[in-house]
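This report refers to the structure that appears directly beneath it.
The values are calculated or read from the model by the stated rules, or taken from the named source; none is laboratory data. All figures in this text were calculated on a predicted structure; none of them were measured in a lab. Glycine also receives a Cβ, built like all others from the backbone with ideal geometry; neighbour counts cover every protein chain displayed.
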Amino acid sequence: MAVIRVRQHVNPLSQKYQRPIEPPDWSQVYGNLDQPLHLDIGCGKGHFLLQMAQLQPEWNFLGLEIREPLVHQALERRDQLALANLHYLFGNANISLESLFKGWPTHRLQRVSIQFPDPWFKKRHRKRRVVQSELVTELARLMPSAGTVILQSDVEEVARAMCDRFQENPAFARSSPDWLADSPLPAMTDREKVTLGQGKPVYRAVFKREGN
């Protein structure tokens, strides 16, 4: 597989990222469309989902990523392993969830992960962060009661901001007021491995979708 240089950060508010994702024919994407779905927003190179799809074949996995070359590379890896429960799509999650899941049964999107998103430290850039109130509202509409959202970051201020957005929405309840010592997931992202390998903390929280 050719190595392609990819920008580490892209501005999700730029015009080129304002087109919603066109949903594929889901029956052609997954081998068993009735399995519960785990959505990973900002999946990067897709290594985390590649592990998850093999560890949990009873789930379907979907990665959304705004850097298109990374999606092409992730799909190549998926195809090499012939995984029928994994797919990746290029696009901006903040404008795409409504169109992407139009017509889906509300019970299917049972787990969402948002892990180590771009921090956008400058105050004027915080509107570029992936976890905005509108995204949380859309997830609340799409997810069933007891659906799970897993948030992780190596930047405490970013983790707190993500938690604040979910806590502002009455549809979600945090499972614990403290940061979780361990990940609730059986696989780790590349960033998580590097952070822990350096002896640095990872700030984790889980939110549950309350009764619809």
Across segment 154-177, which residue is surrounded by the fewest Cβ atoms within 10 Å (Cβ to Cβ) among those that are part of a loop (DSSP other than H, G, I, E, B) and touching a helix residue (DSSP H, G or I) at 6+ places or on another chain (Cβ under 8 Å)? 168
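Quick check, is residue 194 surrounded by fewer than 16 Cβ atoms within 10 Å (Cβ to Cβ) and either modelled with pLDDT of 95 or more or within 25 Å of residue 55 (Cβ to Cβ) (or both)?
Against the criterion (surrounded by fewer than 16 Cβ atoms within 10 Å (Cβ to Cβ) and either modelled with pLDDT of 95 or more or within 25 Å of residue 55 (Cβ to Cβ) (or both)), residue 194 qualifies.
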For segment 50-61, how many residues meet the condition of being surrounded by fewer than 23 Cβ atoms within 10 Å (Cβ to Cβ) and within 19 Å of residue 100 (Cα to Cα)? 1
Among the candidates 109, 180, 185, single out the residue that is surrounded by fewer than 18 Cβ atoms within 10 Å (Cβ to Cβ) and closer than 23 Å to residue 51 by Cβ. 180
Enumerate the pairs (first residue in segment 186-201 and in contact (Cβ under 8 Å) with a residue 40 or more places away in the chain and closer than 22 Å to residue 157 by Cβ; second residue anywhere and in a loop (DSSP other than H, G, I, E, B) and of a type in the set (Ser, Thr, Tyr)) with beta-carbon separation below 9 Å, excluding pairs fewer than 6 apart on the same chain, so at least 6 apart or on different chains. 192/183
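Conditions tested, residue by residue: (1) touching a Gly at 6+ places or on another chain (Cβ under 8 Å); (2) over 21 Å from residue 44 (Cα atoms); (3) not small (Gly, Ala, Ser).
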{"position": "143", "(1), (2), (3)": "no, yes, yes"}
{"position": "150", "(1), (2), (3)": "no, no, yes"}
{"position": "156", "(1), (2), (3)": "no, no, yes"}
{"position": "162", "(1), (2), (3)": "no, no, yes"}
{"position": "166", "(1), (2), (3)": "no, yes, yes"}
{"position": "171", "(1), (2), (3)": "no, yes, no"}
{"position": "179", "(1), (2), (3)": "no, yes, yes"}
{"position": "182", "(1), (2), (3)": "no, yes, yes"}
{"position": "201", "(1), (2), (3)": "no, no, yes"}
Taking residue 47, is it modelled with pLDDT of 95 or more, more than 21 Å from residue 108 (Cα to Cα) and surrounded by 13 or more Cβ atoms within 10 Å (Cβ to Cβ)? yes
Give all pairs with beta carbons closer than 7 Å in which a residue from segment 166-179 that is under 8 Å from residue 205 (Cα atoms) meets a residue that is outside any strand (DSSP E or B); count only pairs at least 6 apart in sequence or on separate chains. 174/163; 174/167
Screening 100, 151, 135 for residues that are under 26 Å from residue 60 (Cβ atoms), crowded, with 16+ Cβ neighbours inside 10 Å and at pLDDT 95 or above leaves only 151
